[in-house]
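Remarks on the structure that follows.
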Amino acid sequence: MIPARYAASRFPGKLMKDLGGKPVIVRTYEAAKATELFDEVYVVTDSDIIFSEIEKHGGKAIMSQKEHDCGSDRIAEAVEHMDVDIVVNVQGDEPFTSREGLEKVLSVFNETDAEKIDLASLMTEITDWQEISDPNCVKVLTDKDNFALYFSRSPIPYPRDKNVDVKYYKHKGIYAFRKQAIMDFYRLPMRSLEAVEKIECIRYLEYGKNIKMAISNIAGVEIDTPEDLVKANKMLAENSPKTVNNKFRNFPMVPKVVFGQGSFNQLLDILAEHKKENAPFIYLVDDVFEGNTSLINRISLRFNDKLIFISAAEEPKTSQVDELVKNIKAEFKNSPSGIIGIGGGTVMDLAKAVSIMLANEGSAADYQGWDIVKNKAIYHVGIPTISGTGAEVSRTTVLTGPTRKLGINSDYTPFDQVILDPDLAQGVPKNQWFYTGMDCFIHCVESLNGTFLNAFSQSYGEKAYDLCLEIFLGNTLSEEESRAKLMMASWHGGMSIAYSQVGVCHAMSYGLSYVLGTKHGVGNCIVFQYLDEFYPKYVAIFKEMALKNDVEIPKGVCENISEEQLEMMVHIAMGMVPLWENALGADWQSIITPSKLKKLYRKM
């Protein structure tokens, strides 16, 4: 619901002002629709002008039957006789409303304290004192669990002691209500605090309702003044659609790497120069090594260092990252000297994500996407014990979040140090060895056949591809040689997609993993065997590899899924825009449709 009042006191008629060729209110409506999060989107207004404009652009509008003092009252009247569970209030003057922000505010209703929550809203940290003191900027104070204590146009808390480190949060005008909460609001009279501040959510606090605040890092412009409108037009121009394939990409690489049998023994010497006083190293280790004294005894914990065993039975989750970060912060006063990930792709992705989140506010889910991370991660080291994923070299850490599976893709994600010791991959089960090896093979195929391909990607991709053929189709390599070569194939495959992208298989595998929890390497293999239309030559080679290595790829995993599960798979896969653009070009949506993806998933 988007409440829209024409006669705004500070900037009359602002919702009908031009923003890049369309009225502000139309931009806001289209932004809310584009998120695809809602069953219905309405503008609720007292203005014939706004009502007509929304309908002219193909939208849905509801005319208020009564006069109202605030947007929540206007929405309550509109939803009173609707059969709805959650009602979301998006302010009409926020045309840059994003899916990420809305997902964040909706996700609180899935948290452990959801039963206590009457409504949820967003806040974002602000540091500019001019903005902090601006009465047009509503500030919010919260308790330790992020429940709102008070909202004000004044700077709260007031910084009487300038030496105290305090954060200020700006309230963003997005609310998610349980229907009963907004109907209670509608029937309760305004009290003095709301009246004096002219902030409607104060009414909820005055009557004992619980408002859970979620932190959003998404920047935008609320249009309260003519100056804001100028900023918004400038932002819209700057953010006009561009393809995701930048011609020149200035990306970071792992700055230090050591390779060779027994190189794991260099770890303590490598870490020594990064040790900070009273700051531990945190080792995240695959729990397959729990009880494996031959490896654990070589780690040699010192002072207050800590070892945490990590289960790789499931794909890494944003909630898992958040829990690890919370526990580390609770146990140690000082930020760790570094995070060391020892394991496969799951453990290394978690190590990268934890190192990022120890230096950034909020939840890991806030940073799923491209180049959202603001602060440099703490020092982190990757030590793979199985090869193929490329996680040791990539600029992403793939996580399953509340609403999607997506990486934290940033310049701060790559490891500061990698140790490649082929001996650590001894004893990996045959099927697991094959699945992760095929992840590398598929990386190469998708990079070498993508529209983003250039000589940089090609040189790495071709080498990794040739190594995969030698390892999985050749007959001349010893186990020791295969371990070393797959470790280097993984590295080269990861480097190939650093300046390129993956493609169809990974996009669809993400959907499979999000809904069914399928492990990444297995999911890629399940999907790839049905992609003859896109990679015919390579699907045939893949099947030959599976046959030679006596690995049977799972079938029938989607045989009994519900229509709802299928829709979610398609939704997750379709959201992987850079992958589709690399695979099929900028007009990929004319080739890939939801119905086509459904047919492919049903084959699996």
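The values are calculated or read from the model by the stated rules, or taken from the named source; none is laboratory data. Everything numeric in this text was worked out from a predicted model, so none of it was measured. Note that we place each Cβ from the backbone using ideal geometry, even for glycine, and neighbour counts take in every protein chain shown. Remember, those area values only see protein heavy atoms, side chains included, never the ligands or the DNA or RNA. Shrake-Rupley method; radii C 1.70, N 1.55, O 1.52, S 1.80 Å.
Tabulated data
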quantity: Within the stretch 47-94, considering residues that are open to solvent by 20 Å² or more (accessible area, probe 1.4 Å) and among the basic types (Lys, Arg), the one farthest from MET190 (Cα to Cα); calculated: LYS56
quantity: Which listed residue, of LYS172, LYS116, LYS104, LYS139, is modelled with pLDDT of 90 or more, touching a strand residue (DSSP E or B) at 6+ places or on another chain (Cβ under 9 Å) and open to solvent by less than 60 Å² (accessible area, probe 1.4 Å); calculated: LYS139
quantity: Residue count for the stretch 453-508, restricted to those that are part of a loop (DSSP other than H, G, I, E, B) and closer than 25 Å to THR397 by Cβ; calculated: 7
quantity: Of the criteria (1) in a helix (DSSP H, G or I); (2) among the basic types (Lys, Arg); (3) open to solvent by 40 Å² or more (accessible area, probe 1.4 Å), which one LYS209 fails; calculated: (1)
quantity: Test: residue in the stretch 400-421 that is part of a strand (DSSP E or B), of a type outside the set (Asp, Glu) and on the phi > 0 side of the Ramachandran plot; calculated: no
quantity: Flag for ASP371 being closer than 29 Å to PHE441 by Cα and either aromatic (Phe, Trp, Tyr) or touching a strand residue (DSSP E or B) at 6+ places or on another chain (Cβ under 9 Å) (or both); calculated: yes
quantity: Extreme residue, farthest from the chain's Cα centre (by Cα), among residues of the stretch 260-302 that are among the hydroxyl-bearing types (Ser, Thr, Tyr) and surrounded by 17 or more Cβ atoms within 10 Å (Cβ to Cβ); calculated: SER263
quantity: Qualifying residue in the stretch 303-312 (condition: touching a residue at least 24 places away in the same chain (Cβ under 8 Å), open to solvent by 30 Å² or more (accessible area, probe 1.4 Å) and closer than 26 Å to THR403 by Cα); calculated: yes
quantity: Check on LYS144, open to solvent by 20 Å² or more (accessible area, probe 1.4 Å), out of contact with any Gly (no Cβ under 7 Å at 6 or more places or on another chain) and either of a type in the set (S, T, N, Q) or more than 20 Å from CYS70 (Cβ to Cβ) (or both); calculated: yes
quantity: All helices (runs of 4 or more DSSP H) inside the stretch 517-586 with 3 or more residues being farther than 21 Å from TRP433 by Cα and within 24 Å of the chain's Cα centre (by Cα); calculated: 563-574, 577-584
quantity: Filtered residues of the stretch 230-259 (kept if at pLDDT below 80, within 30 Å of LEU271 (Cβ to Cβ) and either touching a Cys at 6+ places or on another chain (Cβ under 6 Å) or open to solvent by less than 100 Å² (accessible area, probe 1.4 Å) (or both)); calculated: PHE251
quantity: Any hit, the stretch 521-542, residues being within 24 Å of SER410 (Cα to Cα), buried (at least 21 other Cβ atoms within 10 Å of the Cβ) and not aromatic (Phe, Trp, Tyr); calculated: yes
quantity: Every pair of residues 6+ apart whose Cβ atoms lie under 8 Å, when the first sits in the stretch 479-498 and is basic (Lys, Arg) while the second is assigned to a helix (DSSP H, G or I) and at pLDDT 95 or above; calculated: ARG483/PRO422; ARG483/ASP423; ARG483/ALA425; LYS485/LEU467; LYS485/GLU470; LYS485/ILE471
quantity: Given (1) surrounded by 20 or more Cβ atoms within 10 Å (Cβ to Cβ); (2) within 28 Å of SER107 (Cβ to Cβ), index of the condition PRO23 fails; calculated: (2)
quantity: Single match in VAL527, VAL504, VAL539 (criterion: modelled with pLDDT of 95 or more, in contact with a Cys (Cβ under 7 Å, 6 or more places away or on another chain) and over 15 Å from CYS440 (Cβ atoms)); calculated: VAL527
quantity: Unmet criterion (only one of (1) among the aliphatic types (A, V, I, L, M); (2) touching a Leu at 6+ places or on another chain (Cβ under 7 Å); (3) open to solvent by 50 Å² or more (accessible area, probe 1.4 Å)) for ALA455; calculated: (2)
quantity: Positions within the stretch 32-45 being in contact with a Lys or Arg (Cβ under 9 Å, 6 or more places away or on another chain) and either over 20 Å from GLU567 (Cβ atoms) or crowded, with 16+ Cβ neighbours inside 10 Å (or both), in sequence order; calculated: THR35, VAL41, TYR42, VAL43, VAL44, THR45
quantity: Residue match in the stretch 350-362 (condition: in contact with a Gly (Cβ under 7 Å, 6 or more places away or on another chain), surrounded by fewer than 24 Cβ atoms within 10 Å (Cβ to Cβ) and not acidic (Asp, Glu)); calculated: no
quantity: Test set (1) part of a loop (DSSP other than H, G, I, E, B); (2) closer than 19 Å to ALA498 by Cβ - ILE386 fails condition number; calculated: (2)
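Here is a yes/no grid of residues against (1) surrounded by fewer than 23 Cβ atoms within 10 Å (Cβ to Cβ); (2) under 24 Å from PRO255 (Cα atoms):
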{"residue": "CYS440", "(1), (2)": "no, yes"}
{"residue": "TYR460", "(1), (2)": "no, yes"}
{"residue": "LYS463", "(1), (2)": "yes, yes"}
{"residue": "ASP466", "(1), (2)": "yes, no"}
{"residue": "MET488", "(1), (2)": "yes, yes"}
{"residue": "TRP491", "(1), (2)": "no, yes"}
{"residue": "MET545", "(1), (2)": "yes, no"}
